[in-house]
Structure formats: structure tokens, C-alpha cells
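Below: one structure, written as C-alpha cells.
The values are calculated or read from the model by the stated rules, or taken from the named source; none is laboratory data. Bear in mind the structure is a predicted one, so any value in this text is a computation, not a measurement. Cβ placement follows ideal geometry from the backbone for every residue including glycine, while neighbour counts extend to all protein chains displayed.
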Amino acid sequence: MNDDSETCIGVLGGGQLGRMLALEARRMGFRVIKWTGGDVSGAARLADHILTQPFDCPETLKQFIDQADIATVEFENIPRSLLDEVSQHIPLMPGTKAVAVCQNRELEKSFLADHHIPTAKFRIVETAEALHSALQHIPGDVILKTVESGYDGKGQMLVRDEPTRASADQLWQTFGGGRAIVEQRIDLAAELSVMVARGQDGTTVTYDPTENEHRNHILDLSIVPARLPQPLLDEAKAIAAKLTQELDYIGVIGVEFFLDQQGKLLVNEMAPRPHNSGHHTLDACECSQFEQQLRVICNLPLGSPRLIKPAVMWNLLGDLWPDETTPPDWSPILKTPGAKLHLYGKSHAKPRRKMGHVTFIGDTIDDALERAHACKNAFGY
């Protein structure tokens, strides 16, 4: 695929990641068709054409593949059958196998273990008896997780260190059964993530790792450069790059890490798409993660991931809105030097819903953090 102004990018999904991808696509002269699989949020409206039918609609599939020259995913929970169908007609990047691994915790954990990539201790369970056995073999507190459809803390249950059969039966009943993962709860020193772009020719570029702070299991702040030793950051970049090679991944991927109290890096999750913790790249890097995704799928040279200035990204959740349709007064942000406000165009705010973000640029990381915390305090957050 060459740089052709008539090239149409097909995007599966209709959220804010697709919106930011569409903004970059418009700047670069590409057209965009989005298949949302449901209702249209404000985040989807920047596309040239929007398809809202369910993902199992054969007529819509034909429309999508007839109009799109190439395709990508905006979030990972796309039915595998649809990924297979699309990839049989037009190039899909990342490919079905890579997305399937990332959308299923069991496949993801098994992939990491098979390729000797460090992760927390885990076991797969599908009965109360198996849960009891797992609780006996994994020391301390654990997290019980659904195998599929988990993000922002969804589908997870903290299990305290009580490996009795009676408690396992009760836990399994409360959790709802099915197939699940029992994962050791890590005593965290920090959380970080690495964005990697891998081109169709195998060329790889890696962004500086971000240090992430969460609030109620949802990303609150991303800080870059991360305030961690450089050898550790280099190790995280090397692990993330290795992972993309082993997965034969094509596109932009976010790799989330835990850092335990002993200084060991453990891969937590992979996101087969641009990632929330990479939003600072829009304002603080030479080439954003969204432009990078377009470069990859259009087989263009990869851009520089170089960080121009230190940055802090703050997620704006619906909790900040006075009511579901009334936005806050953004004056504290707009008056802050180096603050870049990004709103996603969603018409209705809900608690925990991602409505936008702010990137704070500073001469130093302390400068950027001071600006971010001052704005958070102004909103009582």
C-alpha cells in the first residue's frame, strides 16, 4: 500500500481510539470507514462513513470489505469469526492470531509462559475444586479473572489468602463459574507500559516507557519519562520488542508491566492497538502512536518515537461531569501553560467512562507533574 489520498482505512470499533486514529488519518489524507457494532458515540463521528449494525451482519461485512482497502482494530474484543472474515478479503493489521491471543487471558498467559516472558504465577481453573487447588499452590492473595472481556478492572475479584475448600466453593459460586485464571497478586513497586510499533517488514520502534498510576483500576496518570532506573526501562523495552517478534505482530501494541518490590518486571497484559498510556505521544513525541499505526498498515516508513519534552497524561472520566450532559468548566486546564485538552465527543458522561484526557508538557517531569496535580486539585480530584 502506498501513500494514496484515496486509500480508505477500515476500523473495527467506534470508540475514542478510533477517533484519534481518524484525526491522524484525515491529516495524512486518508479516508476512514468505521464499523462500530452498535450505537454511534460521538467518538465515532469523525469517520467518513459509519456502519452501526451488529458485527454478525453479513450485509454490513460486505459493505465494509467493499469500501475499505485495509483494516485495523480499535479495541480487542472483536469476534474472532469477524476478524477471520475480514482478513480473507483485505489486509488486517494486527492479524487475527495476534488479536485472539490478546483478547483471551488464557491464551495471553499461555503465550507469555511458552515464550519465557516473565509474568505473575497463574493457573487456569474451571471448577471449585480446581480453584481450591490453585489457592493452595499460589501463595498469598490472588486475583480471580475471567478469561475473556476484561479491561479497566472488569471481570476481576480479589481473593484473600484463605485456601479452604469451603471458601473456594463460595468464591466460585459468587464469581459465576465458567473458565477463569487465578493469578498471584503482586506487591507492586510501580506499574509501567511500553508502546511498540512493528512494521510489515519487521522493523520495530519502541517508545519511552510510561509510569502509570491507577485510580479504581482505571488509568489516572501516565508519566513519561518514567521515574525508574534506566537499566530497568531498557529491560522493559527489550521485553516488549521481543514479545512483538514472538507474536509476529504487525501494528502498534501496548505492553503493560508490573514491577514488584524485588525489582522484577512482569508482563501483565497486552493491548493489540494504541493504548491509553500512549496518548501523550500526540503532543509530546515526534510521531504519535496513532500516526504510527497508520504508517504500519499503509506500509510507510515508521516514524520517530522520540520524546520531545517530559509529559504527564491525565484521564478525564465521566465522574468529573456535573451531570451526564453538562461538561465541567475547563478554565483551570485552559489557563495552564503546556496543557493540551483532548475531548472525545461523547454526548453522555457516566462514572468511570473515559471522556477525554489532558497532556501536560513541562521542561522537566516535576514541572509537568506540578501542573497536572494543580489541575486535578482545581477539580477536587
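Points worth noting:
- When region 270-291 is limited to residues that are hydrophobic (A, V, I, L, M, F, W, C) and assigned to a helix (DSSP H, G or I), the one that is farthest from residue 93 (Cα to Cα) turns out to be 284.
- Odd one out for residue 58 among (1) surrounded by fewer than 22 Cβ atoms within 10 Å (Cβ to Cβ); (2) in contact with a helix residue (DSSP H, G or I) (Cβ under 7 Å, 6 or more places away or on another chain): (2)
- Filtered by the rule that a residue be over 23 Å from residue 112 (Cβ atoms) and either touching a strand residue (DSSP E or B) at 6+ places or on another chain (Cβ under 8 Å) or among the small types (Gly, Ala, Ser) (or both), region 223-245 gives 223, 224, 225, 227.
- As a summary of the residue check, residue 281 satisfies the conditions (1) surrounded by 15 or more Cβ atoms within 10 Å (Cβ to Cβ); (2) over 30 Å from residue 120 (Cα atoms); (3) among the β-branched types (Val, Ile, Thr) except for the one numbered (2).
- Residue match in region 170-183 (condition: within 30 Å of residue 225 (Cβ to Cβ), modelled with pLDDT under 95, crowded, with 16+ Cβ neighbours inside 10 Å and out of contact with any Asp or Glu (no Cβ under 8 Å at 6 or more places or on another chain)): yes
- Enumeration of residues in region 333-381 that are buried (at least 17 other Cβ atoms within 10 Å of the Cβ) and hydroxyl-bearing (Ser, Thr, Tyr): 336, 344, 359
- Condition met for residue 215 (at pLDDT below 95, more than 20 Å from residue 109 (Cβ to Cβ), out of contact with any Ser or Thr (no Cβ under 6 Å at 6 or more places or on another chain) and in the same structural domain as residue 314 (by TED's automatic domain parsing)): yes
- Residues located in region 18-41, provided they are crowded, with 16+ Cβ neighbours inside 10 Å, part of a helix (DSSP H, G or I) and over 19 Å from the mean Cα position of the chain (by Cα): 25
- Close contacts from region 118-134, counting a first residue that is over 14 Å from residue 168 (Cα atoms) and a second that is part of a helix (DSSP H, G or I) and of a type in the set (Val, Ile, Thr), with Cβ to Cβ under 9 Å and a gap of 6+ residues or different chains, come to 118/239.
- Among the criteria (1) small (Gly, Ala, Ser); (2) under 28 Å from residue 27 (Cβ atoms); (3) in a strand (DSSP E or B), the one residue 190 does not fulfil is (2).
- Pick from region 112-167, criterion at pLDDT 90 or above, assigned to a helix (DSSP H, G or I) and of a type outside the set (Gly, Ala, Ser), ranking: surrounded by the most Cβ atoms within 10 Å (Cβ to Cβ): 112
- Residue pairs whose Cβ atoms lie under 9 Å apart, sitting 6 or more positions apart in sequence or on different chains, and linking a residue in region 54-73 that is in contact (Cβ under 8 Å) with a residue 24 or more places away in the chain to a partner that is buried (at least 16 other Cβ atoms within 10 Å of the Cβ) and of a type in the set (Asp, Glu), are 61/85; 65/85.
- Residues that are of a type outside the set (Gly, Ala, Ser) and closer than 14 Å to residue 191 by Cβ within region 260-306 comprise 260, 261, 264, 265, 266, 267, 268, 269, 275, 276, listed in sequence order.
- Set 369, 343: member being in the same structural domain as residue 222 (by TED's automatic domain parsing), modelled with pLDDT of 95 or more and closer than 26 Å to residue 323 by Cα: 343
- Test result for residue 108, assigned to a helix (DSSP H, G or I), under 30 Å from residue 65 (Cβ atoms) and not assigned by TED's automatic domain parsing to the domain that holds residue 247: yes
Every residue, every condition in (1) assigned to a loop (DSSP other than H, G, I, E, B); (2) of a type in the set (A, V, I, L, M); (3) closer than 18 Å to residue 218 by Cα; (4) under 23 Å from the mean Cα position of the chain (by Cα), yes or no:
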{"position": "340", "(1), (2), (3), (4)": "no, no, no, yes"}
{"position": "367", "(1), (2), (3), (4)": "no, no, no, no"}
{"position": "371", "(1), (2), (3), (4)": "no, no, no, no"}
{"position": "377", "(1), (2), (3), (4)": "no, no, no, no"}
{"position": "380", "(1), (2), (3), (4)": "yes, no, yes, no"}
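- Among the residues of region 225-241, not a single one is crowded, with 23+ Cβ neighbours inside 10 Å and part of a strand (DSSP E or B).
- Residue match in region 315-326 (condition: of a type in the set (A, V, I, L, M) and under 26 Å from residue 253 (Cα atoms)): yes
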